[in-house]
Amino acid sequence: MAERLSDIAIQRELGNLPGWSRRGEVITKTFQFRSFLSGISFVSAIAKAAEAADHHPDIDIRYTKIICTLSTHSAGGITQKDLDLAKQIDRAQETVG
């Protein structure tokens with residue numbers, strides 16, 4: 001099982017993840033796309049990365065706005081798995097545009 005990170009470790013890592021913020025025991029980021037289909041392509045890319053990592057985000061789809069929320073439920077908070085997947089999600093957004 002992944003271990004929860006300290007508050008300091010989370011804050012330090014979030015400094016390298018523009019747009020991501022902490023909300024209690026989760027990290028979250030809102031992405032905006034030009035079209036619904038671009039957003040859905042992004043969600044598909046996230047799904048592939050999440051499956052490969054065996055770590056699945058909560059995804060809220062609001063037309064062209066996609067909100068991603070990460071937390072390791074089995075650890076009861078934020079772990080390195082969340083931060084690693086956040087980086088992959090950011091890379092996916094760069095490829096979809």
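Quick note: the coordinates plus some simple rules give every number you see, no bench work behind them. For clarity, every value in this text was computed on a predicted model and none was experimentally measured. With ideal geometry, Cβ positions are generated from the backbone for all residues, glycine too; neighbour counts draw on all protein chains shown.
Miscellaneous remarks
- Residue within region 40-47 that is among the aromatic types (Phe, Trp, Tyr) and surrounded by 14 or more Cβ atoms within 10 Å (Cβ to Cβ) present: yes
- Residue that is nearest to residue 71 (Cα to Cα), among those in region 1-60 that are of a type in the set (Phe, Trp, Tyr) and touching a helix residue (DSSP H, G or I) at 6+ places or on another chain (Cβ under 6 Å): 20
- Complete set of residues in region 48-91 that are surrounded by fewer than 14 Cβ atoms within 10 Å (Cβ to Cβ), of a type outside the set (Ser, Thr, Tyr) and over 11 Å from the mean Cα position of the chain (by Cα): 48, 51, 52, 53, 54, 60, 61, 62, 65, 73, 76
- Among residues of region 1-37, those that are assigned to a helix (DSSP H, G or I) and crowded, with 16+ Cβ neighbours inside 10 Å, counted: 3
- Filter pass, residue 80 being in contact (Cβ under 8 Å) with a residue 60 or more places away in the chain and either out of contact with any Ser or Thr (no Cβ under 7 Å at 6 or more places or on another chain) or not polar (S, T, N, Q) (or both): yes
- In region 77-94, the residues that are under 17 Å from residue 8 (Cα atoms), not in a strand (DSSP E or B) and not basic (Lys, Arg): 78, 80, 82, 83, 84
- Scanning region 12-37 for residues that are over 18 Å from residue 56 (Cα atoms) and aromatic (Phe, Trp, Tyr) yields 33, 36.
- Qualifying residue in region 61-70 (condition: part of a helix (DSSP H, G or I) and either out of contact with any Phe, Trp or Tyr (no Cβ under 6 Å at 6 or more places or on another chain) or in contact (Cβ under 8 Å) with a residue 24 or more places away in the chain (or both)): no
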